[in-house]
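The values are calculated or read from the model by the stated rules, or taken from the named source; none is laboratory data. These figures come from a predicted structure and were not determined experimentally. When we count neighbours, we look across all protein chains shown, and the Cβ atoms used for this are built from the backbone with ideal geometry, even at glycine.
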Amino acid sequence: MDGGLTALPVSAQRVFLQLVRETLARGRDRVRITIRALTDKTGLSKETVSHALRQLSSPSIDLVNVVDAGGAHRAGHYQVRWYTYQKRSVGMTPQRRRMKVRSVIDHSIENRLLSLSADDRALLEQSYLALQPTERREVEDHVKDNLLTLGMVVTKEAFHQYVLYETMRRTMYHHIRRHYPNMFVFNPVSTS
C-alpha cells in the first residue's frame, strides 16, 4: 500500500481503507459487511460504494476479491489483498508483491485468552474483579474508545474479552510475558 493507492478514485480509496480497517481490526483478510454498513461508515451513497467495490475487484486493480456479493439484506463477503510496491529503478517498472494477513486462529484476542492456563485465566478474572470501580471504568472506556476508533460494534461477550485482554496488559504484563512471550506481539500483515 506504500504506492499506487493515490491512483484510485477517492471513493474507491475510502471503501478500501474501510475494508482494511474492518479486516485489520479482526486480524483477518476477509470481512462480511453489508453495503448499507459501508455507506454508513464511509458517508458515500449506495451506488458509489457498489461502483467502488467493482473497481477494487477489477483485474487491473485486484485489491478486493468478492467471495460472495451478498444480497439486498445479506452481507457480502470480501477478501482484502494488500500489495507493496518496489521502488522504480532506472529502466524497470515497479514490481508489486502481495502481502498476507496472518491467521486469525493464532492471533485473535479470544484465542489468545483461550491459550492461557486455567490458573492464569482465574488470576486474570481475579485481577479484573479486584480493580477499583474507577480503574475498571477507565479500562472499559479505553476499550470502548479503541472500538469506536476502529468503527467496530461487538457483542457483550466480545467486549468482555477485550476488557480482559486490556486488564491483562495493564495488570499482569510481566507475568504473562514471562510465561507467554508472544502474547502481546502481533504484526497482522506479513509479506510473502
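For the condition surrounded by 14 or more Cβ atoms within 10 Å (Cβ to Cβ), aliphatic (A, V, I, L, M) and at pLDDT 90 or above, Leu113 does not qualify. Listed by first and then second residue, the pairs with beta-carbon distance under 8 Å, at least 6 apart or on different chains, first residue in region 42-65 and within 11 Å of Phe16 (Cβ to Cβ), second charged (D, E, K, R) and in a loop (DSSP other than H, G, I, E, B), are Leu63/Arg81; Val64/Arg81. Of the residues making up region 125-178, just one is touching a helix residue (DSSP H, G or I) at 6+ places or on another chain (Cβ under 7 Å), more than 30 Å from Leu17 (Cβ to Cβ) and aromatic (Phe, Trp, Tyr), namely Tyr128.
Yes/no matrix, rows are residues, columns are (1) surrounded by fewer than 13 Cβ atoms within 10 Å (Cβ to Cβ); (2) modelled with pLDDT under 80:
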site: Thr134; (1), (2): yes, no
site: Leu148; (1), (2): yes, yes
site: Tyr162; (1), (2): no, no
site: Thr167; (1), (2): no, no
site: Met172; (1), (2): no, no
site: His175; (1), (2): no, no
site: Met183; (1), (2): no, yes
site: Ser190; (1), (2): yes, yes
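Regarding Ser127, is this residue touching a Ser or Thr at 6+ places or on another chain (Cβ under 8 Å), hydroxyl-bearing (Ser, Thr, Tyr) and more than 23 Å from Ala25 (Cβ to Cβ)? So Ser127 fits the description; yes. Kindly establish whether Gln18 is touching a helix residue (DSSP H, G or I) at 6+ places or on another chain (Cβ under 9 Å), farther than 15 Å from Ala69 by Cβ and not charged (D, E, K, R). Yes.
If a residue must be under 23 Å from Ser108 (Cα atoms) and either part of a loop (DSSP other than H, G, I, E, B) or among the aliphatic types (A, V, I, L, M) (or both), how many such residues does region 2-36 contain?
Result for region 2-36: 11.
Taking region 116-132, which residues are surrounded by fewer than 16 Cβ atoms within 10 Å (Cβ to Cβ) and hydrophobic (A, V, I, L, M, F, W, C)?
Ala118, Ala122, Leu129, Ala130
Could you tell me whether region 40-49 includes any residue that is surrounded by 15 or more Cβ atoms within 10 Å (Cβ to Cβ), of a type in the set (Ser, Thr, Tyr) and at negative phi? Scanning region 40-49, I find at least one residue that is surrounded by 15 or more Cβ atoms within 10 Å (Cβ to Cβ), of a type in the set (Ser, Thr, Tyr) and at negative phi, so the answer is yes.
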